[in-house]
1. Could you give the C-alpha radius of gyration of the stretch 76-147 expressed as a fraction of 2.2 N^0.38 Å, taking N as the number of residues it contains?
2. Using the structure shown, select from Lys66/Lys172; Lys14/Lys50; Lys106/Lys159; Lys61/Lys172; Lys61/Lys117 the pairs with a Cα to Cα distance greater than 26 angstrom.
3. Given the chain, what percent of its DSSP beta bridges are antiparallel, to the nearest 5?
4. Ranked from highest to lowest mean number of other Cβ atoms within 10 Å per residue, what is the order of the peptides 31-43, 154-166?
5. Rounded to whole Å and ordered largest first, report the semi-axes of the equivalent ellipsoid of the stretch 1-65 derived from its Cα gyration tensor (root of 5λ).
6. Counting only Cα atoms, I'd like the Rg/Rh figure for the stretch 2-172, Kirkwood definition for Rh.
7. Lys14: net charge of surrounding residues, Cβ under 15 Å, Lys/Arg +1, Asp/Glu -1, itself excluded?
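Nothing in this text is a laboratory measurement; each read-out follows from the coordinates by a stated rule. Being a predicted model, the structure only gives us computed values, none of them experimental. Every residue, glycine as well, gets a Cβ built from its backbone with ideal geometry; the counts of neighbours run over all protein chains shown.
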Amino acid sequence: MKKVIAFGASTSSKSINKALAAYAASLIESAEIEVLDLNDFELPMFSADKEIEIGQPEPAKRFLRKIQQADGLVISFAAHNGSYAAAYKNLFDWCSRIEKAVYQGKPAVFLATSPGKGGAQSVLDLALQSAPFFGAEVKGSLSVPDFYDNFDLDAGVMKSQDILQKLLAEAKRIF
């Protein structure tokens, strides 16, 4: 059985991106799913001075081990003012200092969502552009607009059949 690591690139306790990543991963047949919470990988703000002071922090190493143990990745990126959430970018920066190929050559599905019509497309575009430089083999991607109109958080299911079909198609590409 293939192991899939899924996470929302956000630390919000009510992260819609974490909900989307977990849901998309659940659509992958015959996969063992582990959903990560970025709050479990809290780190000081990255800087060269901090790196000299503390070296390679354990939470970044632990995050990289999780990716190493996976056969595939499902990541949903939260947009904060059109870019990565600061907590994710910080974790990513620490990890990239340990291993430039943060995604370690794993097949991945990149997603993004937001409550608005843009669906966090801007951050998804950033992630897709940089993916090859950091070892991601992106097999599929999708931006989901109007999250609360299209997803039932209480039931944990996609309400929009159109988006569900697109998400199924992207999820199936991972393996």
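1. Values: Rg = 12.1 Å, N = 72, 2.2 N^0.38 = 11.2 Å.
Cα Rg divided by the expected 2.2 N^0.38 Å: 1.08.
2. Details: Lys66/Lys172 22 Å; Lys14/Lys50 30 Å; Lys106/Lys159 30 Å; Lys61/Lys172 29 Å; Lys61/Lys117 36 Å.
Over 26 Å Cα-Cα: Lys14/Lys50; Lys106/Lys159; Lys61/Lys172; Lys61/Lys117.
3. Values: 4 of 28 bridges.
Given both bridge residues lie in the chain, the antiparallel proportion sits at roughly 15 percent.
4. On the way: 31-43: 16.8, 154-166: 12.7.
So the order, starting with the most tightly packed, is 31-43, 154-166.
5. Working: eigenvalues 162, 43, 9 Å².
Value: 28, 15, 7 Å, ordered largest first.
6. Numbers: Rg = 15.4 Å, Rh = 16.0 Å.
My calculation of the ratio gives 0.96.
7. Working: positive: Lys18; negative: Asp37, Asp152, Asp154.
Taking every Cβ under 15 Å from that of Lys14, the sum is -2.
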